[in-house]
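Novice: One structure follows; several queries about it will come next.
The values are calculated or read from the model by the stated rules, or taken from the named source; none is laboratory data. Since we're looking at a predicted model, the values are computed, not measured. Positions of Cβ are generated from backbone atoms using ideal geometry, with glycine treated the same way; all protein chains shown enter the neighbour counts.
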Amino acid sequence: MKKNPAMRIISVVIFLLLIQAGISSADAQTQKGTISVSSEPQGAEIYLNDEYLGIQTNTFIQDVFPGIHYVRLELEGYRTWEQIFEVREGEITYVSHGMEPVVGGPFTVSTKPEGAQIYIDGDFFGISNTILYDLPEGQHRVLLVLYNYSDYAATVTINEGISQSVVHTFETIPTTGRITVASVPSNAEIYLNGEFEGTTRKTLQEVVPGTYDVVIKKNGYDDWTGRVDVAAGKISEVIAELSPSKVLILVNTVPEEVSVSIDGVYSGTTPLEIPSEQGLHTIRIEKFGYERIETEVDVGAEGASFSYNLISMAPQAIAEAKQVVSENLEYRPKKAQEALLDAQKKYEEGDSQSAITYAESAIIIARDVDGDGVSNPFDISPNLHNIVIYISPFILLFLVLVFLGKDMLRHRVNPEIDLHLPVTIREDDMLARAEITVNAPGGPYRGFVCTVYIDGISVDHFTNPGKYDVMLSGRSPGVHRLMVHLQVAKERYGKSEKKVEETFIVEPTVQVHRAPEINGDDIIVPEETHFGTDDLYEEGKGDDANTKDDSEE
């Protein structure tokens with residue numbers, strides 16, 4: 001803020017302060033006063049006697065010694081104000097001031113086309129083209145708005161006594177957007193919704209707003225895929241980091257079936273075709289009886305193919321086979337010795353490759369005589385295949401289970417019950433019976449018991465297979481349940497049992513009384529006759545018929 005201290009006023013104030021200090025020292029009991037300081041707008045910083053008090057208007061300054069004082073008010077954007085006044089003992093002195101804003105010079109706003117709305121710090125200030133006055137000093141945010149054109153915003157600094165201007169030519173609102181496409185590495189092909197659009201780096205102009213699928217392709221790299229949203233008047237950005245694609249490494253050797261390791265990892269045997277990363281790799285080629293090859297290769301985006309001729313080392317292979325066979329003589333490696341002899345023979349004949357093959361076989365057989373995958377020193381029985389030892393308990397268990405199964409089948413007993421039971425019987429039928437046939441075919445058994453129940457009460461039982469009759473007479477009218485329960489105790493393995501249940505109906509006997517017959521003067525009383533219900537229905541006569549006959553007589 002600007003400070004315009006008047007030297008004359010300051011000298012007077014200092015003089016008055018010295019006088020006041022002398023009076024204060026002379027009278028230590030002087031009562032202090034209060035200053036009320038206010039401003040419009042409030043928030044101005046208060047300086048008392050050129051000392052900033054750290055407070056702002058509106059407020060009170062307490063415990064001020066009586067006498068002449070000097071106050072200054074400072075507020076950003078307003079002119080600094082100063083005043084001298086007197087403070088009296090025990091009284092409140094009021095200091096108030098309307099701050100005068102510091103304004104800049106003329107501010108001109110011009111646009112093409114004209115008629116744009118002018119907003120300064122969010123407040124509407126009219127239409128361009130125009131000149132604005134009395135804008136407060138300092139920075140202001142200017143926004144120009146014109147229909148169908150893109151908004152324009154700028155920050156301007158207004159200084160006192162200096163004219164300012166903003167001149168702007170509007171651009172029409174765009175209906176398309178742009179896409180900036182870049183890739184690492186560059187010079188990759190760009191496909192937008194499947195259409196080729198050039199190579200990176202490139203900015204695609206006048207792209208219709210929407211969402212697009214983007215594919216970036218470059219030879220030797222995996223395709224990059226993504227999506228991009230395009231808005232009118234906006235620039236969308238696509239940055240694709242491409243990853244080198246895997247390529248094929250082909251390895252061929254003479255002879256074949258040679259072990260290949262790439263970067264220390266076993267990869268297979270030749271001929272070999274294996275996918276790998278691009279760049280430097282270490283290839284190691286090994287085969288028993290041949291000199292080992294280890295080389296560093298650089299695999300590019302097109303892949304690589306390598307061929308190697310291995311140098312035979314048949315004598316060394318045969319010597320190693322002899323050593324291994326000699327170390328395992330205690331295990332009687334007969335087949336290994338035969339393979340070793342074949343290796344020596346083939347070498348003498350000039351067939352180094354076959355000699356190496358036999359030597360390798362001799363080493364393998366000598367170290368594992370029974371061929372069970374366990375080397376001789378750690379084998380339970382070096383001359384007997386361990387699978388025989390391991391599988392023997394299972395074979396024994398299988399044989400035991402087979403024996404038990406056959407024995408159980410031989411002692412199997414199948415209880416059989418054949419029941420013939422009338423559906424209905426008459427209450428007075430004394431000959432009604434059920435025919436029951438029981439049997440227990442199969443293996444031998446120790447006990448045989450067949451129990452017959454009627455309505456849950458045991459009425460008969462048999463201890464041998466055969467055909468039996470069970471009387472049903474003596475039952476009250478109604479439904480009755482007959483159950484046959486056969487139990488057979490097998491010679492071994494527990495017992496077998498079977499149950500058969502059926503129901504039968506006992507129909508009641510109906511008594512019919514006839515009226516006495518009159519024969520002349522004698523009355524003949526007929527004997528009481530018993531009929532079953534079936535007899536009544538067969539004759540087609542019931543109580544009603546008898547009654548009719550009696551009434552006719």
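Novice: For residue 294, are the conditions met, namely being free of Cβ contacts under 8 Å to residues at least 24 places away in the same chain and in contact with a strand residue (DSSP E or B) (Cβ under 6 Å, 6 or more places away or on another chain)?
Specialist: Criteria met by residue 294.
Novice: Of the residues 130, 93, which single one is more than 25 Å from residue 76 (Cβ to Cβ) and touching a residue at least 40 places away in the same chain (Cβ under 8 Å)?
Specialist: Sole residue among the options that is more than 25 Å from residue 76 (Cβ to Cβ) and touching a residue at least 40 places away in the same chain (Cβ under 8 Å): 93.
Novice: Taking the condition over 30 Å from residue 308 (Cα atoms) and within 32 Å of the chain's Cα centre (by Cα), does residue 208 pass? Give the steps one after another, and end with the answer.
Specialist: Details: over 30 Å from residue 308 (Cα atoms): yes; within 32 Å of the chain's Cα centre (by Cα): no.
So residue 208 fails the test.
Novice: So, in segment 389-426, how many residues would count as being at pLDDT 90 or above, of a type in the set (D, E, K, R) and over 16 Å from residue 487 (Cβ atoms)?
Specialist: Total satisfying the criteria: 2.
Novice: Being within 23 Å of residue 241 (Cβ to Cβ) and among the hydroxyl-bearing types (Ser, Thr, Tyr) is the filter here; which residues of segment 155-188 pass it?
Specialist: At the first step, the residues of segment 155-188 found to be within 23 Å of residue 241 (Cβ to Cβ) are 178-188.
Scanning segment 155-188 gives 180, 183, 186.
Novice: Just one of 146, 135 is within 25 Å of residue 171 (Cβ to Cβ), touching a Phe, Trp or Tyr at 6+ places or on another chain (Cβ under 8 Å) and either surrounded by 12 or more Cβ atoms within 10 Å (Cβ to Cβ) or without any contact (Cβ under 8 Å) to a residue 24 or more places away in the chain (or both); which is it?
Specialist: Going through 146, 135 in turn, the sole match is 146.
Novice: Continuing with the same structure: Residue 137: out of contact with any Ser or Thr (no Cβ under 8 Å at 6 or more places or on another chain) and at pLDDT below 85, yes or no? Please lay out each step first, then the result.
Specialist: Values: out of contact with any Ser or Thr (no Cβ under 8 Å at 6 or more places or on another chain): yes; at pLDDT below 85: yes.
So residue 137 fits the description; yes.
Novice: Right, another one. Quickly run through segment 271-298 and pick out the residues that are over 21 Å from residue 255 (Cα atoms), assigned to a strand (DSSP E or B) and within 40 Å of the chain's Cα centre (by Cα).
Specialist: 275, 276, 279, 280, 281
Novice: Report, by residue number, each residue of segment 353-365 that is of a type outside the set (A, V, I, L, M) and either closer than 12 Å to residue 339 by Cβ or buried (at least 18 other Cβ atoms within 10 Å of the Cβ) (or both).
Specialist: Correct list: 354, 357, 358, 360, 361.
Novice: Same structure, new question: Would you pick out the residues in segment 168-190 that are in a strand (DSSP E or B) and either buried (at least 16 other Cβ atoms within 10 Å of the Cβ) or among the polar types (S, T, N, Q) (or both)?
Specialist: Correct list: 168, 169, 172, 177, 178, 179, 180, 181, 182, 183, 189, 190.
Novice: Right, here's the next one. List pairs: first residue in segment 259-275 and outside the structural domain of residue 295 (by TED's automatic domain parsing) and at negative phi, second residue at pLDDT 95 or above and surrounded by fewer than 16 Cβ atoms within 10 Å (Cβ to Cβ) anywhere in the structure, Cβ distance under 7 angstrom, at least six positions apart or on different chains.
Specialist: That search, which allows pairs on different chains as well, returns nothing.
Novice: Against the condition under 30 Å from residue 409 (Cα atoms) and either of a type outside the set (Gly, Ala, Ser) or touching a strand residue (DSSP E or B) at 6+ places or on another chain (Cβ under 7 Å) (or both), how does residue 445 come out, does it pass?
Specialist: For residue 445, the condition - under 30 Å from residue 409 (Cα atoms) and either of a type outside the set (Gly, Ala, Ser) or touching a strand residue (DSSP E or B) at 6+ places or on another chain (Cβ under 7 Å) (or both) - is met.
Novice: Which of (1) within 29 Å of residue 140 (Cβ to Cβ); (2) at pLDDT below 90 is the odd one out, the single condition residue 50 does not satisfy?
Specialist: Here residue 50 clears every test but (1).
Novice: Sticking with this one: Picking from 72, 88, which residue would you name as being over 30 Å from residue 149 (Cβ atoms), surrounded by fewer than 17 Cβ atoms within 10 Å (Cβ to Cβ) and outside the structural domain of residue 128 (by TED's automatic domain parsing)?
Specialist: It is 88.
Novice: Among (1) more than 29 Å from residue 271 (Cβ to Cβ); (2) modelled with pLDDT of 90 or more, which single condition is residue 358 missing?
Specialist: Answer for residue 358: the failing condition is (1).
Novice: Can we say residue 227 is surrounded by fewer than 12 Cβ atoms within 10 Å (Cβ to Cβ), touching a Ser or Thr at 6+ places or on another chain (Cβ under 8 Å) and without any contact (Cβ under 8 Å) to a residue 24 or more places away in the chain? Give the steps one after another, and end with the answer.
Specialist: Working: surrounded by fewer than 12 Cβ atoms within 10 Å (Cβ to Cβ): yes; touching a Ser or Thr at 6+ places or on another chain (Cβ under 8 Å): yes; without any contact (Cβ under 8 Å) to a residue 24 or more places away in the chain: yes.
In short, yes.
Novice: Can you find, within segment 488-499, the residue that is modelled with the lowest pLDDT among those that are surrounded by fewer than 17 Cβ atoms within 10 Å (Cβ to Cβ) and more than 60 Å from the chain's Cα centre (by Cα)?
Specialist: For segment 488-499, the residue satisfying everything is 491.
Novice: Residues of segment 206-220 being loosely packed, with under 11 Cβ neighbours inside 10 Å and touching a strand residue (DSSP E or B) at 6+ places or on another chain (Cβ under 6 Å), which ones?
Specialist: 211
Novice: Next question, about the same structure. Take the conditions surrounded by fewer than 17 Cβ atoms within 10 Å (Cβ to Cβ) and farther than 30 Å from residue 105 by Cα and apply them to residue 194. Does it pass?
Specialist: yes
Novice: I need the full set of residues from segment 299-319 which are touching a Phe, Trp or Tyr at 6+ places or on another chain (Cβ under 8 Å) and assigned to a helix (DSSP H, G or I), in order please.
Specialist: 314, 315, 317, 318
Novice: Can you spot a residue in segment 308-330 that is touching a residue at least 40 places away in the same chain (Cβ under 8 Å), touching a Pro at 6+ places or on another chain (Cβ under 7 Å) and of a type in the set (Phe, Trp, Tyr)?
Specialist: No: segment 308-330 contains no residue that is touching a residue at least 40 places away in the same chain (Cβ under 8 Å), touching a Pro at 6+ places or on another chain (Cβ under 7 Å) and of a type in the set (Phe, Trp, Tyr).
Novice: Right, here's the next one. How many residues does segment 387-427 contain that are surrounded by 13 or more Cβ atoms within 10 Å (Cβ to Cβ) and over 30 Å from residue 368 (Cβ atoms)?
Specialist: To start, the set of residues in segment 387-427 that are surrounded by 13 or more Cβ atoms within 10 Å (Cβ to Cβ) comprises 389, 407-408, 411-413, 415-417, 419, 421-422, 425-427.
If we keep only those that are over 30 Å from residue 368 (Cβ atoms) as well, we get 407-408, 411-413, 415-417, 419, 421-422, 425-427.
Residues in segment 387-427 being surrounded by 13 or more Cβ atoms within 10 Å (Cβ to Cβ) and over 30 Å from residue 368 (Cβ atoms): 14 in total.
Novice: Could you please find all residues in segment 278-298 being over 30 Å from residue 359 (Cβ atoms), out of contact with any Asp or Glu (no Cβ under 7 Å at 6 or more places or on another chain) and at pLDDT 90 or above?
Specialist: Correct list: 296, 297, 298.
Novice: Residues of segment 59-69 being crowded, with 16+ Cβ neighbours inside 10 Å and under 20 Å from residue 42 (Cα atoms), which ones?
Specialist: 61
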